[in-house]
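Just so you know, all these numbers are worked out from the coordinates, no wet-lab data involved. Owing to the predicted nature of the structure, the values given are computational and were not obtained by experimental measurement. Neighbour counts run over all protein chains shown; Cβ positions are idealised from the backbone, glycine included.
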Amino acid sequence: MTNLQIDSPWKAVLTGTPVFGKAQWEKSPLCLKWLVAARASLLFLTLSSAVIAGLLALMAGSFDPVLWFACVTGLMLAHATNNMLNDYVDYTRGLDQGNYYRARYGTHVLNDGLLDQHAFRIYIGVTGGAALVVALGILYVVDWQVMVPVVAGAFILLFYTYPLKTLGLGEFAVLLVWGPLMVGGTFQVVAGYWSWPVAMVGAVTALGPTSLIFAKHVDKLLMDEAKGVMTLPVRLGEQHARRLIQMILIGIYVGILLCVVLDWLPVGALVVAFALPTAFSFSRILENEKPAECPALYPVAAWPLWFAAHAFVHTRKFGVLLMLGLLSGVFYESVSGL
């Protein structure tokens, strides 16, 4: 592996999927190495779900900041564990080794020889153990009321990579986890009760991460098919999978509008409309074949991700705008309550 030097490694790790060379890895602090191994830029998706749940609890007038912070910490650790477990399982099964798709973008600490399997298992064990401790603490404090979302989330965390992903269930798992389980479960912990409208809002907002995982699986469809990894896009075929992503994009905005009409979200949530140009741009990209080579002016570090890179840009913009819209709802509730 080339000894690449990254000028701003912290920013690169938190905003993208940089490739760390051996020399840069060795001089990096442990916390930065952990962020690289955990694919930290993707943790924004989990942070968004937890923030959305917290803002909904604030608008409902029932918010425990300590429990919310515990949920954020536990969920981020669980997501990081899943990312590392995904890399570990796929590598040890022989999928991520050599020139497989995952090994061609970002840093794969095992395939790139930055960590051996024993050291990586320690990373996974410590991170997963910390997530478990936080989860048990939450269950103890709230009197086991959130056992169902915690257990369901733990099951998906452990079995997403295998066998759920290979059975074509990975995309549904993402929709369930980032939606009803994360948003609904966090709201239940923070507000003290389960809310089906909040769970439905979570399902709508989870369409963003779902579009991202769909796009990623379309990007690597041929390699997955050759390796026998039967993701849903492999089963549907590329054209049908791309059309389904376009339908998901439509569903995101129709769903937000419906949630506002039903008074499950404040009117301010409609600010997500400012992400529509990015959604239209992504939809047009889905109409065309993926370039055979990295286009000029396209970030080399993101290649060979194509559909997934554009999905990530849209999902991040949509998530930020939705959180701003919910903040406006919190502000309105606080002012009207004076």
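A few remarks follow.
- Residues that are charged (D, E, K, R), without any contact (Cβ under 8 Å) to a residue 40 or more places away in the chain and either under 14 Å from residue 242 (Cβ atoms) or not in a loop (DSSP other than H, G, I, E, B) (or both), drawn from the range 288-303: 289
- Counted residues, the range 133-149 - those being without any contact (Cβ under 8 Å) to a residue 60 or more places away in the chain, surrounded by fewer than 20 Cβ atoms within 10 Å (Cβ to Cβ) and either part of a helix (DSSP H, G or I) or basic (Lys, Arg) (or both): 6
- The number of residues in the range 12-31 being aromatic (Phe, Trp, Tyr) and free of Cβ contacts under 8 Å to residues at least 24 places away in the same chain comes to 0.
- Residue among 313, 272 that is assigned to a helix (DSSP H, G or I), over 22 Å from residue 171 (Cα atoms) and of a type in the set (A, V, I, L, M): 272
- When restricted to residues that are hydrophobic (A, V, I, L, M, F, W, C) and closer than 18 Å to residue 157 by Cβ, the range 54-87 contains 10.
- Candidates 250, 285, 245 - the one that is in a helix (DSSP H, G or I), more than 19 Å from the chain's Cα centre (by Cα) and either without any contact (Cβ under 8 Å) to a residue 12 or more places away in the chain or closer than 19 Å to residue 168 by Cβ (or both): 250
- Selection status of residue 34, in contact with a Lys or Arg (Cβ under 9 Å, 6 or more places away or on another chain) and in contact (Cβ under 8 Å) with a residue 60 or more places away in the chain: no
- Evaluating residue 177 against the criteria (1) in a loop (DSSP other than H, G, I, E, B); (2) at negative phi leaves one unmet condition, (1).
- For the range 180-213, the set of residues classified as closer than 26 Å to residue 231 by Cβ and in a loop (DSSP other than H, G, I, E, B) consists of 206 only.
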